[in-house]
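A quick write-up on the structure given underneath.
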Amino acid sequence: MKLNLFKNNVDDFENARHDFTRSYTFIIAPNSYGKTRKFTISAFWLKNWVLLMTAFVASFVILLISYIGLAANYAKSKVDLATLQAINKEQQMQLYDMSELSTELENKLVYLDLLQTKIQTLLDDAISSTDTHLSEDEKLLMAEIDTKLNEMKEAQNKTAIGGSANNNYYVSTANIKAFDATIEVSAIKKQLEGIEASLNAEGDEYQVLNETVETIELYSRIPEANPLQGQKYSISSYFGYRTFPSPEFHKGVDLSCASGTPIKPAARGIVIYSGWRGSYGNCVIIDHQNGYQTLYAHMRATNCKVGQDVNRGTIIGFVGTTGYSTGNHLHFEVIVNGVRQNPMNFVDF
């Protein structure tokens, strides 16, 4: 057996030596006149060269196929990345819109709260028939509310929802469907827009109510209430020319009644005069801040100060017979834009 193994090894060696010593000659001859070339190569190196070239070609083909696959995947990845970035940007813009919308809704809630406070204060004061009026703190609060409401209204008119989101894109997955949350974002935005629509409708209602209250407040400044509300009196002299107690044009209406009868304003306003005024005696003049003024004369005593905010329930003085007077009575005048008017056209005596 050992002999056979040795013999095989010897045969292999002989074959290898034979291949190494055997050679092939290649002749390259041109078709026309020229030099003929030839080269010789051993069978051993020819065989190994063929094997090397085959391995090289196979490796090149494998690398080429791999490159084509990688290039295709890279192109697809670029398309996916661009799609993801577009979705990301859209979602960021929607989130930015929702943030702006949320801020706007918060501002509208504050606006409505301020408007409600203003309306309630004005309404309580406008319909009050008692001797009450806005305190200095309430006046200051109303002024601040008006300023804030005007600022917020201007800001709402100038503000438009929208803007540019940050271009910071982060791709965490190649699955576009898993990354896309547009449907959820749109649903949230739609819900917020529904809330905004409800707030707008409520705001419109508040605005109408506010205008109504302002109308009531303006109406409360028109002199139409009887200054001797609920008291016994008689008309002793009318508006216009008269002969008693002397020929003259009488600028108001005289209401005769008992001395000390309380006198109240014909409408809400600000006292611009309170004190002695020549033939009028003790006199009060109220500016109703709408072109109307009223004058109350011949009082026994006044009961208000200049600058005081008074309404129809405030006692501003008491009937007397001071100044140029023939007896206890209230001389009452209505002045519109500086011109005396017949009080009977305003007050139902």
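No value in this document is a laboratory result; all are computed from the given coordinates. Bear in mind that the values here come from a model prediction, so they are computed numbers and not experimental data. Heads up, the Cβs are rebuilt from the backbone with ideal geometry, glycines too, and the neighbour counts pull from every protein chain shown.
If we count other beta carbons within 10 Å of each Cβ, what is the order of Asp113, Asp254, Asp137, fewest first?
Listing Asp113, Asp254, Asp137 from fewest to most nearby Cβ atoms yields Asp137, Asp113, Asp254.
Given R₀ = 56 Å, FRET efficiency for Asn290-Val79 by Cβ-Cβ distance, to 0.05?
Efficiency, rounded to the nearest 0.05: 0.20.
Which whole-Hz ³J(HN,Hα) couplings does region 73-85 yield from phi under the Karplus relation 6.51 cos²θ - 1.76 cosθ + 1.60, θ = phi - 60°, glycine and proline marked x?
Going residue by residue, I get 5, 5, 4, 5, 5, 4, 5, 4, 5, 4, 5, 4, 5 Hz, with x marking Gly and Pro.
Order of 288-294, 263-269, 99-105, 57-63 by packing, highest average Cβ count within 10 Å first?
263-269, 288-294, 99-105, 57-63
Over 18 Å between Cα atoms, which of Lys118/Lys139; Lys264/Lys305; Lys153/Lys190; Lys118/Lys264; Lys232/Lys264 qualify?
Lys153/Lys190; Lys118/Lys264
Taking a virtual spin label 7 Å from the Cα of Ile315 along the C-beta vector, which residues in region 241-267 bring their backbone nitrogen under 14 Å of it?
The answer is 259-265.
Going highest first, how would you order 216-222, 297-303, 49-55 by mean Cβ packing within 10 Å?
297-303, 216-222, 49-55
Stretched out fully, how many nm does the piece from Ile28 to Ile222 gain, at 0.36 nm a residue minus the Cα gap?
Working it through step by step, the gained length comes to 57.1 nm.
When the gyration tensor of region 270-349 is built from Cα positions, what are the square roots of 5 times its three eigenvalues, in whole Å, from largest to smallest?
Values for region 270-349, descending: 19, 16, 12 Å.
Rounded, prolate or oblate: which one fits region 32-103, using the alpha carbon gyration tensor with axes a ≥ b ≥ c (rounded when a/c is under 1.5, else prolate when a/b beats b/c, else oblate)?
Prolate, since a/c reaches 1.5 and a/b exceeds b/c.
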